[in-house]
Amino acid sequence: MNKPRIYITREIPAKGLELLSRCCDITMHRGKEPPSREDIQINIQGKDGLLCMLTDKIDSEIIKTSDKLKVISSFNVGVDHIDTIEATKRGIYVTYTPGVLTNATADLAFALMMSAARRIAEGDRNVRNGSWRGGWAPNMLLGEGVYGKTLGIIGLGRIGTALAERASGFKMKIVYYNRNRLPNKEKKLNLEYRYLEDLLKESDFISLHVPLTDETHHLIDSQKLKKMKRNAILVNTARGQIVDEDDLADALEGGWISGAGIDVFSSEPLPADNRLSQLKNVVLTPHIGSATYHTRNLMCEISAMNLLGVLKGENPHYLFNIEVMKVRSLDSIKMI
Ligand code: DGY
């Protein structure tokens, strides 16, 4: 039997690559920039599997041009970059990497909360650029405290829950909003449920942990920002499009809220002339929620195993579009 042919859209850590190269013919995109749309279109021709990243938009048009694709394995937990409905229609398995980046992302959300509250990035800039004059001063770089404050978590999935665990060590009062109430977690972590509007009014820190969907697109807009406390700090490590960035810039400029810590943007990389980069009261990081050595290695291994699982005709560890099994059975795919 011929080896399955796969296309990988970025250079990936060695362990995952090794796993894949044992049984597949690999074409891998090299270079710092992601492949262009045309590159992807050309390279998925004749391929049985695609291992892609959140930077690759795998929309219906791209999926339709693929002639042999059986599996799209996302390196990421978010699959908003893939048209999963079109993939399902065509019997293409879509896999992802949930769970493994929970702790790394929750750590970053907490770090952004702390940095925005205590103006760490601003302080760092002042030390480096010589604008720190006169040594210690009673009014220099005053910020907000975190210990004992109220944290509002929007979306109590894996990462939201991991953030709550961290916040309880800081004796924070934790309120949450989620599509469904989660009584077990409420009890275990001492959380209180709030309607969204109430959470916005009550929280000193608000952290977003919902997936990007039609319902969560611009969930945080000027109307919601105006409901927050004037000393509130907003943290987003989920997806940029969940926040209307122009409205956020208005809120930060106009003092409707006191600050923000943002890791994800509607357009990445963030264009240099973006309004947010001009503001002092926002800490910006370049989508590094999962960027620990350990986590990225696991993401790589899992995405490789997911892809191989499907091509072996076995249940992959993490299948996103379970309904696809009704369209094409794993048995009929088995190539390895
Ligand atoms: C994901 O995998 O969706 C994360 O955003 C990467 O950090």
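Return the total of residues in region 93-105 being open to solvent by less than 40 Å² (accessible area, probe 1.4 Å) and either among the acidic types (D, E) or farther than 30 Å from D331 by Cβ (or both).
Qualifying residue count, region 93-105: 4.
Does S332 satisfy the condition of being open to solvent by 60 Å² or more (accessible area, probe 1.4 Å) and farther than 22 Å from L101 by Cα?
In short, yes.
Being more than 30 Å from I322 (Cα to Cα), within 14 Å of the ligand (Cβ to nearest atom) and surrounded by 17 or more Cβ atoms within 10 Å (Cβ to Cβ): is that true of L108 here?
Yes; evaluated as a whole, the condition is true for this residue.
If I ask for residues that are in a loop (DSSP other than H, G, I, E, B) and in contact with a Lys or Arg (Cβ under 9 Å, 6 or more places away or on another chain), which ones from region 84-107 would you list?
Across region 84-107, the qualifying residues are R90, G91, I92, P98, G99, L101.
What pairs can you find where one residue is in region 237-261 and closer than 20 Å to L54 by Cα and of a type outside the set (G, A, S), the other is within 16 Å of the ligand (Cβ to nearest atom) and part of a strand (DSSP E or B), and their Cβ atoms are less than 7 Å apart, with a gap of 6+ or different chains?
I242/L208; I242/N236; V243/N236
How do the helices (runs of 4 or more DSSP H) wholly within region 1-68 filter down when requiring 1 or more residues that are polar (S, T, N, Q) and either under 19 Å from I92 (Cβ atoms) or in contact with a strand residue (DSSP E or B) (Cβ under 6 Å, 6 or more places away or on another chain) (or both): which remain?
37-43, 60-65
Need at least 3 residues that are touching a Lys or Arg at 6+ places or on another chain (Cβ under 6 Å), of a type outside the set (D, E, K, R) and open to solvent by less than 70 Å² (accessible area, probe 1.4 Å) per element, so show me which strands (runs of 3 or more DSSP E) inside region 116-226 make the cut, counting only ones lying wholly within it.
none
I need a count of the residues in region 255-288 that are within 13 Å of M228 (Cα to Cα) and either exposed (fewer than 14 other Cβ atoms within 10 Å of the Cβ) or over 20 Å from the mean Cα position of the chain (by Cα) (or both).
Residues meeting the conditions: 5.
For (1) farther than 15 Å from Y7 by Cα; (2) surrounded by 24 or more Cβ atoms within 10 Å (Cβ to Cβ); (3) within 17 Å of the chain's Cα centre (by Cα); (4) more than 15 Å from the ligand (Cβ to nearest atom), each residue gets a yes or a no:
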| position | (1), (2), (3), (4) |
| --- | --- |
| G46 | no, no, no, yes |
| L51 | no, yes, no, no |
| I62 | no, no, no, yes |
| L69 | no, yes, no, yes |
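Being over 21 Å from R328 (Cα atoms) and touching a Gly at 6+ places or on another chain (Cβ under 8 Å) is the filter; apply it to region 298-318 and report the residue that is most open to solvent (accessible area, probe 1.4 Å).
The selected residue is E301.
For a quick check of your reading of the model, give me the residue pairs whose first member lies in region 203-223 and is modelled with pLDDT of 95 or more and acidic (D, E), whose second is in a strand (DSSP E or B) and open to solvent by 10 Å² or more (accessible area, probe 1.4 Å), with beta-carbon atoms closer than 6 Å and at least 6 apart or on different chains.
Final answer for the pair search is D204/T150.
Taking only region 160-179 into account, find how many residues are under 17 Å from the mean Cα position of the chain (by Cα) and either among the acidic types (D, E) or closer than 18 Å to L200 by Cβ (or both).
Total satisfying the criteria: 2.
The values are calculated or read from the model by the stated rules, or taken from the named source; none is laboratory data. Everything numeric here is computed off the predicted structure, so don't read it as measured data. Counting neighbours? That spans all protein chains shown, and the Cβs are built from the backbone with ideal geometry, glycine included. Heads up: the accessible areas ignore ligands, DNA and RNA and are worked out on the full protein's heavy atoms, side chains in. Shrake-Rupley method; radii C 1.70, N 1.55, O 1.52, S 1.80 Å.
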